[in-house]
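Data block below; observations after.
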Amino acid sequence: MEQHPQESGWNQQTTTLKRQLALTWVLMVLLAIFLLLPSIISWFNFGSLGQPRAVTPRGALGDFEETTVKIFDEVSPSVVYINTQEQYRNIFTHRVEEKETGTGSGFVWDQEGHIVTNYHVIEGADSAQVFFSDQSSYEAIILAASPSHDLAVLKINAPQNKLRPVLIGESNSLKVGQSVFAIGNPFGLDQTLTTGIVSAKSRSIQSPTGSRIDDVIQIDAAINPGNSGGPLMDSAGRLIGVNTAIYSPSGTSAGVGFAIPVDIVNRVVPQIIQRGEYAPPRLGVSIREDLNEDMKRQTGIQGVVILETMPGGPAASVGMQGSRFTRRGFIVGDIIQKIGTEKVTSVEQFQDVMQQYRRGQEVTVTFFRDDRVYEVDVTLE
């Protein structure tokens with residue numbers, strides 16, 4: 001049968017088109033394979049993808065890093081986690097039981113087993129449990145406290161190798177901007193280190209009793225609930241304060257923390273250990289806020305009016321005089337205007353300043369009498 005020329009040309013075009021389409025499909029398949037190949041290899045774990053990369057050598061730690069690591073290694077064994085309990089009587093069983101009242105931090109003060117923490121950590125507690133970094137724990141006796149300084153001392157019976165006292169530094173010479181290191185147990189996370197600087201000195205905060213604690217250290221190292229009672233260290237690894245509070249609307253760290261300076265701690269804690277209480281030094285005078293304000297209004301003189309001096313007391317022994325009634329009427333006693341270098345204008349301020357001294361210490365008292373100002377050196381008792 002004879003093929004028409006027109007049909008022959010059509011067949012050739014069809015064949016050519018089929019070949020082009022086939023080639024296009026082949027190219028598209030190859031392109032798809034090329035694009036999907038990495039995913040396919042990764043899926044089947046072929047090739048070198050997914051293998052660990054070579055580690056780049058780090059080199060030596062920086063000086064500040066070395067200091068930080070060393071401080072934590074040396075101090076952390078001295079830091080403890082404190083869990084407090086309160087006893088109560090079960091109304092159903094009439095048995096005395098215990099419930100957890102709070103947690104906080106503390107640190108080893110000496111090798112006799114004394115542990116220092118904040119008063120507000122143990123406030124209201126009947127007993128406490130002390131945990132070291134290796135999770136060993138010991139029952140603690142709540143020895144005594146000074147609520148006005150927010151300090152407390154516990155006592156544990158632990159082996160000597162467990163008791164590594166912190167090194168004691170000083171806070172009077174601290175400078176704003178120097179590095180600080182805080183160790184504690186925020187939110188129950190034990191052995192946590194935060195770093196920062198001294199943001200300010202000579203701040204005042206309120207103690208749990210409502211009295212004022214002066215010369216408090218302000219820091220920007222993160223302080224959170226659970227850090228209370230933990231040590232604040234300087235770059236030499238010495239204790240310079242006890243972390244005690246934060247200023248934060250949210251209740252968590254906002255970069256403003258406070259620590260009780262070690263100069264106060266080192267004055268209060270030994271007395272608590274020796275006497276079972278902290279008793280501030282006495283000048284041996286009787287004063288009253290209400291009468292003091294009345295007398296200041298009458299005399300126009302700022303200070304603290306002595307109502308009476310205690311016979312044989314420090315003030316009486318140097319000739320200071322109290323108020324008295326005579327034939328001429330009521331005579332205002334000596335008006336104390338300074339204790340050391342600190343001005344005092346109210347009974348509360350007088351009491352706060354006296355907290356800065358210790359028994360047996362000699363201090364200069366400035367007072368007003370008969371239109372003259374006097375200075376005497378008094379040994380406090």
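List of remarks:
- One residue stands out among those in the stretch 154-174 that are part of a loop (DSSP other than H, G, I, E, B) and open to solvent by 70 Å² or more (accessible area, probe 1.4 Å): the one that is farthest from Gly113 (Cα to Cα), which is Asn172.
- Unique residue being open to solvent by less than 70 Å² (accessible area, probe 1.4 Å), among the charged types (D, E, K, R) and out of contact with any strand residue (DSSP E or B) (no Cβ under 7 Å at 6 or more places or on another chain) when the list is Arg288, Arg275, Arg267, Arg282: Arg267
- Out of Gly312, Gly340, sole residue that is among the small types (Gly, Ala, Ser) and either in contact with a strand residue (DSSP E or B) (Cβ under 8 Å, 6 or more places away or on another chain) or open to solvent by less than 30 Å² (accessible area, probe 1.4 Å) (or both): Gly340
- Number of residues in the stretch 175-199 that are open to solvent by 10 Å² or more (accessible area, probe 1.4 Å), more than 11 Å from Met233 (Cβ to Cβ) and either touching a helix residue (DSSP H, G or I) at 6+ places or on another chain (Cβ under 7 Å) or part of a loop (DSSP other than H, G, I, E, B) (or both) equals 8.
- Residue match in the stretch 80-101 (condition: under 16 Å from Met233 (Cβ atoms) and modelled with pLDDT of 60 or more): yes
- Taken over the stretch 110-119, residues that are touching a strand residue (DSSP E or B) at 6+ places or on another chain (Cβ under 7 Å) and surrounded by fewer than 24 Cβ atoms within 10 Å (Cβ to Cβ) amount to 3.
- Pair list, Cβ < 7 Å and 6+ apart or interchain, from the stretch 329-349 residues that are under 24 Å from Asp214 (Cβ atoms) to residues that are of a type in the set (Ser, Thr, Tyr) and in a strand (DSSP E or B): Gln337/Thr366; Lys338/Thr366; Gly340/Thr364
- Unique match (being of a type in the set (S, T, N, Q) and without any contact (Cβ under 8 Å) to a residue 40 or more places away in the chain) among Asn161, Asn172, Asn157, Asn185: Asn161
- Unmet criterion (only one of (1) over 24 Å from Ile197 (Cα atoms); (2) at pLDDT 90 or above) for Val69: (1)
Here is a yes/no grid of residues against (1) buried (at least 17 other Cβ atoms within 10 Å of the Cβ); (2) more than 20 Å from Ala259 (Cα to Cα):
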| residue | (1), (2) |
| --- | --- |
| Val121 | yes, no |
| Asp126 | no, yes |
| Val130 | yes, yes |
| Ser137 | no, yes |
| Ala152 | yes, no |
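The values are calculated or read from the model by the stated rules, or taken from the named source; none is laboratory data. Please read these numbers as outputs of a predicted model, since none were measured by experiment. Positions of Cβ are backbone-derived with ideal geometry, glycine not excepted, and every protein chain shown enters the neighbour counts. We work out accessible area using only protein heavy atoms, side chains counted, and drop any ligands, DNA or RNA first. Shrake-Rupley method; radii C 1.70, N 1.55, O 1.52, S 1.80 Å.
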